[in-house]
Amino acid sequence: MRRHVTIPLVAGLLFALTSCGSYSAEDCRKALASGPITSSRPKECQDIDEEDYKALLADRAIQEGLSKMTDGN
């Protein structure tokens, strides 16, 4: 019985400790959308690997392009 309680408890604690302070791809996407793109990554994007970060940047560029096309600017 003790093992059935201890293992999930330890796993839950490890998950909580490792996820504290880290940002998700959605956090990075929101940070990129909230302001101009600069040469340095926003803090929300520091934990995202390079390939995923480039994909998020490309997604933002596409969204801006589509927005300009529909706005007529």
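Some notes on this structure:
- Residue among 70, 48, 58 farthest towards the positive dipole end of the range 28-70, charges placed on Cβ: 70
- The alpha-carbon of residue 30 sits under 16 angstrom from the alpha-carbons of these lysines, leaving out residues fewer than 8 places away in its chain: 43, 54.
- A simple spin-label model places pseudo-atoms 7 Å from Cα toward Cβ; at residue 27 and residue 40 they are separated by 1.8 nm.
Computed from the coordinates by the stated procedures, all read-outs in this text should not be read as laboratory data. Since this is a predicted model, take the numbers as computed values, not measurements. For neighbour counting, all protein chains shown are included, and Cβ atoms are generated from backbone atoms with ideal geometry for every residue, glycine included.
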